[in-house]
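Each value in this text was obtained by applying a stated rule to the coordinates, not by laboratory testing. Computed from a predicted structure; not experimentally measured. Don't worry about glycine lacking a Cβ; one is built from the backbone with ideal geometry, like all the others, and counts go over all protein chains shown.
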Amino acid sequence: MIAAAAAIAVCFAAVPYNAYAQDLTYHETEIEASSELKESMKERKGTAKIGIKGKTDQEGLQQIIGRVIGEATEHTGEPDEGDYILFQYASYKGQARTEIAGVSPVVEIEYDLSYYDDAEQEAEVDTKVTEILKELDLENKTDYEKVSAIRDYICDNVEYETDSGRNDIARTAYGALIEGRALCQGYSVSLYRLLLEAGIDNRIIFGEGIAPDGTTGSHTWNIVELYGKYYYMDITWDDAARGRDYFLVPAGSGFEDEHKAGDQYKEESFTERYPMADEVFDTKIEGLLSSLEGIASSITDSMKQLFKGK
């Protein structure tokens, strides 16, 4: 099954003086500004007003609007940030202007944001995630076992959404984990959130899926990290087929023939940061890998204590 993921609508505008807000905090850097915007998006606020010290021309204003929201949705490894925000907000419009605050030039940006869910629904998801992790009891499981348990939970408790009237909420973890029905986007953000809560790094990939009959459509799936290498996972298709053909698949195994990732995931900066495994994960050596990681961690801790004592 292939589900369309809504495109993010963007509107840039440089606007004349018309004070956005009183007592704005003017950040020294765009990174600081993006952190404020990220917190607003995590709280599902519809409007965010951001200030940055400095000045620029109209073209620069347009670029700043995009850079700040881009940084706000960057992958951090925190379960409710990064791709979790990126794939659960629907659109934004950004306006920016330059002004003088006191005697210094500043940039003021106003974002109008829309989401597929709201803050109240996110609070329900937070509670549900805690319940799921307690139920799965992952503490003494290996990383492979954690991934497997989370995958099974989602596939056992979520059905693919066929009602187009529910498309928006079906793109979210709320649709998947609370209401039990989701599109591929809802499957992917749920897996992203739960895996990160369990300490397993992963990313959501957006692109095209190609069905057996040649039909194509927008689609999302995940790449999941095990011991330094990443594997493909498409739990939407696994759930539809009631199988595991798309569970922890290495590169070069045919997955790419049915899944065409967007260009941003083919850039060197991304592929170097997320190296794909080229062989099927061997569960027999996981114990050894885990032990080696434990030894390395113990040595690191010992060295820290040694240097701390000097």
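Neighbours of LEU136, meaning other residues whose beta-carbon lies under 13 angstrom from its beta-carbon, give a summed charge of -3 when Lys and Arg score +1 and Asp and Glu score -1. So which of LYS42/LYS128; LYS141/LYS229; LYS38/LYS134; LYS146/LYS229; LYS229/LYS284; LYS146/LYS260 end up more than 22 Å apart, counting from Cα to Cα? Beyond 22 Å: LYS38/LYS134; LYS146/LYS260. The packing ranking, built from the mean of other Cβ atoms within 10 Å per residue, places the peptides 153-165, 194-206 in the order 194-206, 153-165, highest first.
I'd like to know how the chain sits against the 2.2 N^0.38 Å rule of thumb: what's its Cα Rg over that expected value?
Computed over Cα atoms of the chain, the ratio equals 1.11.
Highest average first, the peptides 233-241, 127-135 ordered by how many other beta carbon atoms sit within 10 Å of their residues are 233-241, 127-135. Extension gain, THR127-ASP112: 0.36 nm per intervening residue step, less the Cα-Cα distance, totals 2.6 nm. Across region 42-144, the convex hull enclosing all Cα atoms gives 136 Å³ per residue.
Counting pairs of alpha carbon atoms under 8 Å apart in space and at least six apart in sequence, what relative contact order in percent does the chain give? Walk me through the intermediate numbers first.
Values: 527 pairs, mean separation 48.0, N = 310.
RCO, the chain: 15 percent.
Taking Cβ atoms as reference points and 9 Å as the exclusive limit, the residues near PRO79 contribute a net charge of -3, counting Lys and Arg as +1 and Asp and Glu as -1.
What is the sum of charges around THR283, taking Lys and Arg as +1, Asp and Glu as -1, for the other residues whose C-beta is under 11 Å from the C-beta of THR283?
Working: positive: LYS284; negative: ASP143, GLU145, ASP282, GLU286.
In short, -3.
Karplus-based coupling profile of region 249-258, in residue order and whole Hz: 9, x, 5, x, 10, x, 4, 5, 6, 10, with θ = phi - 60° in 6.51 cos²θ - 1.76 cosθ + 1.60 and x standing for Gly or Pro.
When the Kirkwood hydrodynamic radius is evaluated over all pairs of different C-alpha atoms of region 126-279, what value in angstrom, to one decimal, is obtained?
Numbers: mean 1/r = 0.0635 Å⁻¹.
Taking the inverse mean of 1/r over all distinct Cα pairs, region 126-279 comes out at 15.7 Å.
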